[in-house]
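Taking it in order: structure first as structure tokens, then the write-up.
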Amino acid sequence: MIRFSSSLFNRPALFICAGIGITLATTAVTVASLYEMRLDAMAQARVAAQNLVISLQNEIERNLDMYQLAMRDVATSVGTTSIVGLPPEVRQLVAFGSATNAKELGSLFATDATGKLVLDSRSVMPRKLDVSGRDYFQIHWRQKNAGLYISAPYLPYTAASGLPQPRIALSRRLEDKNGDFAGIVGGTLRLSYFRQLFEHSILGRHDTITLLRTDGTVLMRQPFHETDIGKSLAGGHSFEPLVQADHGTYTDIAVLDHIERLYTFRRVGSYPLVVVVGVATDDIFAGWRKRAIAIGIVSVILDVLLILLSLMFSRQLRKRLNMERRLQRLAWFDPLTGLPNRTQLQREALLMLTNGKRNGSTLAVLFIDLDRFKRVNDTQGHAIGDEVLSEISRRLKNQIHTGDVIGRLGGDEFFAVLQECDVLKAKNVAERILRAVCQPILINTKQDTRITISASIGIALSPHDGDEPGILLRNADLAMYRAKSSGRNQLRFYAPEYEREAKEQLELEIALQRALRGDALHVVYQPKVDATGVLRGVEALVRWDNDGQGSIAPDRFIAIAEESGLIAEMDAWVMGEACRQLAEWRAEGLEIPNMSVNVCAADFKHPDYPGFVTDTLKSHGLLATDLTLEMTERVLFDESVDDIRKTLDAIQALGIALSIDDFGTGYSSLSYLHRFAVKELKIDKSFVQGIGRDQMAESLAQTLIHIGEILKLTVTAEGVETQAQRDFLGTYGCHLYQGFLFSRPLAPSDFACWMRQQSCPSPGDADAKRPEVAL
């Protein structure tokens, strides 16, 4: 029962079908009931018509029988010779003495063989009438065995008063002793008698009562129309069954007025007459029709209400099911791309792992991360970003075979699970994905604008790299980071050392947090000198001596700070420390021209960063010209370049100089040198150290110096360690130098000593002013 209900409530269409089914059933019952009521109405009408026709038949037959008996008495009188010599009054009395009741219907008479009246119930002396021309006389004259004949309607020769009324005649043949024709005995019958009889018997306003001769001649019809009398109905298709049977019932359309009626007829005894009662079907069904309409309206209303209720309930149920499906889809699928989400991926990965263990097959997981996707959102907007993610999702799905699964973990991260997959297959799929992702994506059809994006993929194999979804996901993630750190748009398979390196990096991150909170970091200072060895500035460099691991290379812990989000806090601390130290040295009388501090992209993303720099300078009594901010080229190509540009414009407005560090190693472009008021270019030490050994490095160094000369920028060479390097750079016009040739990065006290030595050289040391004595 529970399963039935659950199945029923999960199929809203069943309620609509049930509603329609119930509606059809009730409609069928209603129609059947109405049909039975219709049959009942017809049956009742048939019974009423039959009763009426029997009553009329009996009444007409009784009167005709009485009339025929009177006619026989008259015929007997005519044939009795004993009354021939009687006086007329006596003859009248003898001939019509028993016809008292028949006189109410009409007159009786007898004729001789010529058609002249010899007896007349209306007059002692027979009227001088000749009926030899009447049809009833002609019939008996011609036919010896005509029997009782009922004539067609006719008008009398004379009328006592007013207009003549149509009549019919009943007649019999009279013969002499030899059997020859001797006249007729007859009686006239006023048709008004039947009219009055029918008027009192009529049922409804469209009902009819018709008296017919068996040849189809209408003798009387009610409602009465004079033109109907004498018409023949013999042409109707129902006429033959009507005259061939003694009684019956049928439905037909009337020949005279074209109204459909239920007809009931009966033969009037042995007379050649038929009485027909017709009841209009419209009248029969009038009451039924009213009830049918009322019942039909109620039934339709109930059916409509039932269907509406079914539709409403089905709609509500469908909404609930759709909501449940949406919630379920939200629970298991990503709403933007339609791909399985993290939870669903883990479920399917667990199932595939279980099947893989059972079958002994290898399973591969791919962790896919889009490169620099944040730049798309920041520069094009989140709507375009969503379009890009949707397009990338379609491309990724097209690269996955049936039976494999790919889903979205969130953001720009995707995760694929490939069953029965070895190293070669995983590599091929990953390479296809990299190629598919790199295809340009159309983001504006009107302007035909396209963007290109890449991906980094990490791959882990089961059971070698783990036999649980979480472990495989983590290891694939580690491999993906190695691919990203190796230059992006690459794939890497998981290796155990990745986990060790990640663990070490995490430990370093935690230690760096402690060092930053516990003032375990320190700043060293490296001078920047000109070609004559005169100090032109100082660069503040952060250092970290970890108790557990000794001195940590700056490139390593700065990268960790950038990835962990500690870099902005570290830069702020370094700037504060550098400005404090500069103010302290000047208070001691040391002439320090300028302090350079390294900054990162995260610093410029804060809208209040210019205010922070201003407050720092003011707190130590410094001017904007006392500070130079060094940034790498990739700062200007960060995803949030618009926000960074606003901050740089504000800093330039303060009068703080900007320097491009490690120029030539990143995204070198002359366009940003033009857009931003950069004051200094620093040649990366990798180019400087190649001087004397690498012609390409020399050419690049020479080119960078030439660029600075054209743009009128100060060019500073980093990592100068030999006199040959310094001489080469000086030959092409390099302005400032940094490196071990002049001085290592020094602690504040050592730098103060170095400054004093530069200001007070030893007597006789002719080369004291030369840069190399700073070593």
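Values quoted throughout were computed directly from the atomic coordinates according to the rules given, and no laboratory measurement underlies them. Quick caveat: nothing in here was measured; it's all calculated off a predicted structure. No Cβ is skipped: glycine too gets one built from the backbone with ideal geometry, and neighbour counts run over all protein chains shown.
What number comes out for the charge environment of Val268, summing +1 per Lys or Arg and -1 per Asp or Glu over other residues with Cβ under 12 Å away?
0
Going by how many other beta carbons lie within 10 Å of each one, how would you line up Thr616, Thr343, fewest first?
With the sparsest Cβ surroundings first, the list reads Thr343, Thr616.
Ranked highest first by average number of other Cβ atoms within 10 Å, how do 19-25, 334-340 line up?
Listed from highest to lowest mean packing, they are 334-340, 19-25.
Given only helices, namely DSSP H runs of n ≥ 4 each adding -39500 (n - 2.57), what is the per-residue ellipticity at 222 nm of the chain, to the nearest 500 deg cm²/dmol?
-15500 deg cm²/dmol
Which peptide among 389-399, 703-713 comes first, and what is the full order, when sorted by highest mean count of other Cβ atoms within 10 Å?
Per-residue mean Cβ counts within 10 Å order the peptides as 389-399, 703-713.
Place a +1 charge on the Cβ of each Lys and Arg in the chain and a -1 charge on the Cβ of each Asp and Glu, then give the dipole magnitude about the Cα centre in debye, rounded to the nearest 20.
With Lys and Arg at +1 and Asp and Glu at -1, about 5480 debye.
As a footprinting exposure proxy, order Arg435, Arg726 by other Cβ within 10 Å, with the fewest listed first.
Arg435, Arg726
Neighbour counts of other C-beta atoms within 10 Å: give me Lys685, Lys116, Lys319 arranged from fewest to most.
Going from sparsest to densest Cβ surroundings: Lys319, Lys116, Lys685.
Checking the cross-link filter: which lysines have an alpha carbon closer than 26 Å to that of Lys446, excluding same-chain neighbours under 8 positions apart?
Lys446 reaches Lys374.
Taking the Cα centre as origin and putting +1 on Lys and Arg beta-carbons and -1 on Asp and Glu beta-carbons, what dipole magnitude results for region 333-494, to the nearest 20 debye?
Once rounded to the nearest 20, the dipole reads 280 debye.
Output the antiparallel fraction of DSSP beta bridges having both residues in the chain, as a percent to the nearest 5.
So the antiparallel bridges in the chain amount to around 75 percent.
Where does the charge balance sit around Phe313 when Lys and Arg score +1, Asp and Glu -1, over other residues with C-beta under 11 Å from its C-beta?
So the surrounding residues net to +4.
Checking the table Lys528/Lys682; Lys397/Lys425; Lys605/Lys682; Lys427/Lys503; Lys528/Lys679; Lys618/Lys712 against a 18 Å threshold on Cα-Cα, which pairs fail?
Violating the 18 Å limit, Cα to Cα: Lys605/Lys682; Lys427/Lys503; Lys618/Lys712.
Lys and Arg at +1, Asp and Glu at -1: add these up for the other residues within a Cβ distance under 11 Å of Ala234 and post the number.
Around Ala234, the surrounding residues sum to 0.
Would you mind working out the magnitude of the charge dipole of region 53-284 relative to its Cα centre, with +1 at each Lys and Arg C-beta and -1 at each Asp and Glu C-beta, to the nearest 20 Debye?
Once rounded to the nearest 20, the dipole reads 740 debye.
Of the labelled options (1) 2.31; (2) 0.93; (3) 0.98, which one gives Cα Rg over 2.2 N^0.38 Å as computed for this structure?
(1)
Taking the Cα centre of the chain as the origin and placing charges on Cβ (Lys, Arg +1; Asp, Glu -1), which of Tyr149, Val405, Gln725 is farthest toward the positive end of the dipole?
Of Tyr149, Val405, Gln725, it is Tyr149.
Which residues make up the longest stretch of the chain that has no chymotrypsin sites (Phe, Trp or Tyr not before Pro) in a DSSP loop with at most 13 other Cβ atoms within 10 Å?
158-666
At a Cα cut-off below 26 Å, give the lysines reachable from Lys116, other chains included and same-chain residues fewer than 8 away excluded.
Here the lysines satisfying the reach criterion relative to Lys116 are Lys103, Lys128, Lys144, Lys177.
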